Amino acid sequence: MTHAPYELDVRPILRAGGEPFKEIMEAVGGLASGQGLRLLATFQPVPLFTVLARKGFSHAAREIGDGDWEVIFTPAAPTVALSPSETDYPAEPGHPASVWPEPARHLDNRDLDPPEPMVRTLAAAEELQPGEVLSALLCREPLFLLPELKNRGYEWQGNFQDDKTTYKLLLRKPAKNEAAE
């Protein structure tokens with residue numbers, strides 16, 4: 001069942017000099033499964049984008065006049081939670097991957113010599129649809145690949161697995177509305 005987005009207008013709180021974070025988080029906590037949030041504010045609440053992304057929401061923001069903003073927070077597609085070892089090291093600060101869609105593609109690059117793991121991973125990443133995730137297993141931390149992913153606008157997270165020899169990299173192609181930000 002699809003629910004209409006819950007509407008929360010925090011403009012009166014902000015105009016009175018208040019801080020609406022508590023009300024916003026209570027509203028998010030009260031949303032039905034799959035329900036979004038329509039937030040009205042007196043400014044573009046950029047810090048809130050990261051907070052709610054960690055909770056699995058994407059966003060679309062637009063100015064609605066007189067300096068006021070409307071932000072629609074939409075819950076992501078069905079997700080998979082990463083194990084604690086995969087979330088210990090958020091390699092790219094500000095880009096939470098604790099809740100991302102299940103990887104659309106998996107690569108095992110552990111038996112390849114450099115630069116083949118990087119070339120293969122970048123080629124597979126380019127084939128992803130916006131918002132899709134790629135999982136790649138590597139035999140070392142991809143020090144040259146990570147800056148290239150950042151330059152291309154990908155979000156990523158990686159860490160050595162429990163065996164301490166396998167580096168697992170997750171990367172996500174930005175959704176179209178994220179790429180424009």
Selected residue (criterion: surrounded by the fewest Cβ atoms within 10 Å (Cβ to Cβ)) from residues of segment 43-63 that are among the small types (Gly, Ala, Ser) and assigned to a strand (DSSP E or B): 60
Residue list for segment 37-93, restricted to those being at pLDDT 85 or above and basic (Lys, Arg): 38, 62
Candidates 154, 167 - the one that is of a type in the set (Phe, Trp, Tyr), at pLDDT 90 or above and under 16 Å from residue 101 (Cα atoms): 154
Evaluation of residue 163 against (1) touching a helix residue (DSSP H, G or I) at 6+ places or on another chain (Cβ under 6 Å); (2) surrounded by fewer than 19 Cβ atoms within 10 Å (Cβ to Cβ) (one fails), failing number: (1)
Candidate set: segment 5-19, residues that are charged (D, E, K, R) and assigned to a helix (DSSP H, G or I); chosen: the one farthest from the chain's Cα centre (by Cα): 15
Per-region count, segment 12-37, residues of a type outside the set (Phe, Trp, Tyr) and surrounded by fewer than 16 Cβ atoms within 10 Å (Cβ to Cβ): 15
Residue match in segment 140-150 (condition: within 18 Å of residue 102 (Cβ to Cβ), at pLDDT below 90 and either touching a Lys or Arg at 6+ places or on another chain (Cβ under 6 Å) or not basic (Lys, Arg) (or both)): no
Leading residue by the ranking (nearest to residue 73 (Cα to Cα)) among those in segment 21-50 that are more than 21 Å from the chain's Cα centre (by Cα) and touching a residue at least 12 places away in the same chain (Cβ under 8 Å): 40
Subset of segment 112-129 that is modelled with pLDDT of 90 or more and of a type outside the set (A, V, I, L, M, F, W, C) - its residue that is surrounded by the most Cβ atoms within 10 Å (Cβ to Cβ): 117
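The values are calculated or read from the model by the stated rules, or taken from the named source; none is laboratory data. In this text, all values refer to a predicted model and were calculated from it rather than measured experimentally. Because the Cβ atoms are built from the backbone with ideal geometry, glycine has one as well, and the counts that use them run over all protein chains shown.
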